[in-house]
Ligand SMILES: C[S@@+](CC[C@H](N)C(=O)[O-])C[C@H]1O[C@@H](n2cnc3c(N)ncnc32)[C@H](O)[C@@H]1O
């Protein structure tokens, strides 16, 4: 089964939210003011764009291919401008944005060269791009891989690893600034909310593994959480790749 974000949009916000630490890092790293133009590439239901706009009063735009996801984003905040687009076409003029970011999107993009070319076109020279993703090592270290082993295989197949992303960006005139790793090793409570996220297939990888593995893993996870055998775990972390357009 393929990932259908129009379908996922119906429940996405029940199970997914923005990571406020990531937004803090954007604000720390980039001088964002009410004059700044910021693009959220693959904005989904606008969770990051909404919070960033409210905190900074910047002009925040979202590009998103799925109609369902876009509708949710636009309904969230009247100050957001959310338009249809993808890695092949971002419907804005050259040199429009001061800052572009993307959270949990890069594994859906089939052609990184084309994406970096298109983002490089709409980003101002000297502007920053931040890609929030997971390395292959971080994918292997997700605590729930023991319940759903194929998720690691599937995700390492579709997530480009960090060096590959940097290499493709450099081919399109981006300079690598730094990688920032967040959350790694952080203790996280595992509650019924996480079980609910899995029940709703709130991560797209659950649509891509065999159904029998998904059902067996879910049952084991439900048992472990409900009996108190699994109360907490360690976060495998995320990687923020910072790039500057030369
Ligand atoms: C896991 S969601 C993340 C949404 C949002 N960035 C967030 O963090 O909440 C992935 C998003 O990427 C979008 N997407 C898929 N293919 C894309 C492409 N080629 N270009 C841009 N966005 C894409 C999907 O429609 C979906 O909304």
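Taken together, the values in this text are just the output of simple stated rules run on the coordinates, not laboratory data. All figures in this text were calculated on a predicted structure; none of them were measured in a lab. Note: ideal-geometry Cβ built from the backbone for every residue, glycine included; neighbour counts use all protein chains shown.
What the table shows:
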{"quantity": "Tensor-based shape of segment 96-169 (alpha-carbon gyration tensor, a/c under 1.5 rounded, otherwise prolate or oblate)", "calculated": "prolate"}
{"quantity": "Distance (nanometres) between label positions extended 7 Å along Cα→Cβ at residue 114 and residue 229", "calculated": "4.6"}
{"quantity": "Neighbour-count order for 99, 41, 194, fewest beta carbons within 10 angstrom listed first", "calculated": "194, 99, 41"}
{"quantity": "Over segment 1-67 - Rg/Rh using Cα atoms and the Kirkwood inverse-distance radius", "calculated": "1.02"}
{"quantity": "Distribution of pairwise C-alpha distances over segment 191-246, 5 Å bins, in %", "calculated": "4, 15, 20, 20, 16, 8, 5, 5, 4, 2, 1"}
{"quantity": "Rounded to 10°, Cα long-axis angle of helix 20-29 versus longest principal axis of the chain", "calculated": "30"}
{"quantity": "Förster radius 25 Å - calculated FRET efficiency between residue 21 and residue 215, Cβ distance, rounded to 0.05", "calculated": "0.15"}
{"quantity": "Likely footprinting exposure, 45, 96, fewest C-beta neighbours within 10 Å first", "calculated": "96, 45"}
{"quantity": "FRET efficiency estimate (nearest 0.05) - Cβ-Cβ, residue 54 to residue 193, R0 35 angstrom", "calculated": "0.90"}
{"quantity": "Rg/Rh for segment 47-183, where both radii come from Cα atoms and Rh is the Kirkwood radius", "calculated": "0.98"}
{"quantity": "Translational D in µm²/s for the chain (Stokes-Einstein at 4 °C, 1.567 mPa s, Kirkwood Rh from C-alpha pairs)", "calculated": "69"}
{"quantity": "Calculated SAXS-style log₁₀ I(q)/I(0) at q = 0.23 Å⁻¹ - segment 28-106, Debye, Cα scatterers", "calculated": "-1.06"}
{"quantity": "On Cα atoms only, tilt of 149-158 relative to the major axis of the chain in degrees", "calculated": "20"}
{"quantity": "Kirkwood Rh in Å, taken over all unlike Cα pairs in segment 102-246", "calculated": "16.7"}
{"quantity": "Rg followed by Dmax, in Å, when segment 132-192 is reduced to its Cα trace", "calculated": "14.2, 45"}
{"quantity": "Degrees separating the helix 112-122 axis from the principal Cα axis of the chain, which is the longest one", "calculated": "40"}
{"quantity": "Distance histogram in 5 Å bins (all Cα pairs of segment 149-232, percent per bin)", "calculated": "3, 11, 16, 16, 18, 13, 9, 7, 5, 2, 0"}
{"quantity": "Projected label distance in nm at residue 84 and residue 158, using a 7 Å step from Cα toward the beta-carbon", "calculated": "2.2"}
{"quantity": "Rel. contact order, % - alpha carbon contacts under 8 angstrom, at least six apart, the chain", "calculated": "21"}
{"quantity": "Expected 222 nm ellipticity per residue - DSSP helices of 4 or more, -39500 (n - 2.57), all of the chain, to 500", "calculated": "-11000 deg cm²/dmol"}
